[in-house]
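Any read-out appearing in this document is the output of simple, stated calculations on the displayed coordinates, not a laboratory observation. The structure displayed is predicted, hence computed values, not measured ones. Glycine gets a Cβ as well: all are built from the backbone with ideal geometry, and neighbour counts include every protein chain shown.
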Amino acid sequence: MTEKKTPKKAAAPETAKQVKVAKPKTAKPKAAQASQARILRITLLRSPISETYRHKATIRALGLKQIRQTVEQADTPQLRGMLAKVNHMVKVEAGTGKEKSS
C-alpha cells in the first residue's frame, strides 16, 4: 500500500523572532482627563422650524429646546461634528467648566 506523506512545515529560524518593546506609560488617568476637558457653551439663536428633520434632531440632541437657551457640553469630536451641521443656528463660546449653582 502506498500512503501519501505530507511534507512537514519548516520551523522558523530562531533569529527571525520579533521582540515586543514595552511602551512607556505616559497617559494620564481618565479621572484627570475628565477634569481637564474643555467645556463649550452652546446657545440656540434661530428657530429650527423651517430646517430639515436632521437639523431639528441635532438641535434636540444638543439639549436645546428654546431660542436663546444655553447649554454647556464637553468638547468632543462628536459634538464638533454636530455643531458643524447646525452652525448657522447656534453660537458657540468657550465655557468656564464650572456648574451653575441654583
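Taking the number of other C-beta atoms within 10 Å as the exposure measure, put Leu45, Leu62 in order starting with the fewest.
Working: Leu45 11, Leu62 19.
Taking fewest neighbouring Cβ atoms as first place, the list is Leu45, Leu62.
Using the 10 angstrom Cβ neighbour count as an exposure proxy, how do Arg54, Arg46 rank, fewest first? Working shown, then result.
Numbers: Arg54 10, Arg46 14.
By the 10 Å Cβ count, ascending, the order reads Arg54, Arg46.
Please list the non-local residues whose amide H lies under 5 Å from the amide H of Gly95, H modeled 1.01 Å from N, same-chain partners needing a gap of 5 or more.
Those qualifying (amide H under 5 Å, at least 5 residues apart or on another chain) are Ile39, Leu40, Arg41.
What is the local net charge at Leu40, summed over the other residues whose Cβ is closer than 11 Å to its Cβ (Lys, Arg +1; Asp, Glu -1)? Intermediate results must be reported in sequence, preceding the final value.
Numbers: positive: Arg38, Arg41, Arg80, Lys91; negative: Glu72, Asp75, Glu93.
Cβ neighbours under 11 Å give a net charge of +1.
Between Gln66 and Ala84, 0.36 nm times their residue separation minus their Cα-Cα distance comes to what?
Details: separation 18, 0.36 × 18 = 6.48 nm, distance 1.94 nm.
Answer, rounded to one decimal: 4.5 nm.
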